[in-house]
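The structure appears below as structure tokens.
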Amino acid sequence: MIVLFVCVVLLPLMAGLYWLSRCGAASGTGRLCRRRRRGLLSRCYDHGFQPIAYGDFLAIGFFALAYGGFRFYKILS
């Protein structure tokens with residue numbers, strides 16, 4: 001059961017925290033910026049003009065996946 005908890009809750013939670021700490025804005029090369037944010041709900045120095053970025057959607061998606069995994073884990077146990 002611990003392995004299931006780690007796979008369905010902790011891994012998505014860690015991925016969501018990672019993308020919450022990174023800028024996540026699209027760069028000129030089409031890749032996502034991986035610089036650290038200046039603060040919560042802000043971007044790095046180069047992408048301060050972008051209000052919402054792909055990294056925000058990734059973080060929200062991973063948090064929703066972790067929440068769903070937690071609910072699934074509670075049903076099984």
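Summary table
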| item | result |
| --- | --- |
| The stretch 18-31 - residue that is in contact with a helix residue (DSSP H, G or I) (Cβ under 9 Å, 6 or more places away or on another chain) and either free of Cβ contacts under 8 Å to residues at least 12 places away in the same chain or aromatic (Phe, Trp, Tyr) (or both) and, of those, surrounded by the most Cβ atoms within 10 Å (Cβ to Cβ) | Trp19 |
| Residue in the stretch 33-40 that is among the hydrophobic types (A, V, I, L, M, F, W, C) and at pLDDT 95 or above present | no |
| Considering residues of the stretch 39-69 that are of a type in the set (A, V, I, L, M, F, W, C) and surrounded by 16 or more Cβ atoms within 10 Å (Cβ to Cβ) only, the residue nearest to Val6 (Cα to Cα) | Ala66 |
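The values are calculated or read from the model by the stated rules, or taken from the named source; none is laboratory data. Source: prediction; values computed, not measured. Here the Cβ is made from the backbone with ideal geometry for all residues, glycine too, and neighbour counts use every protein chain on show.
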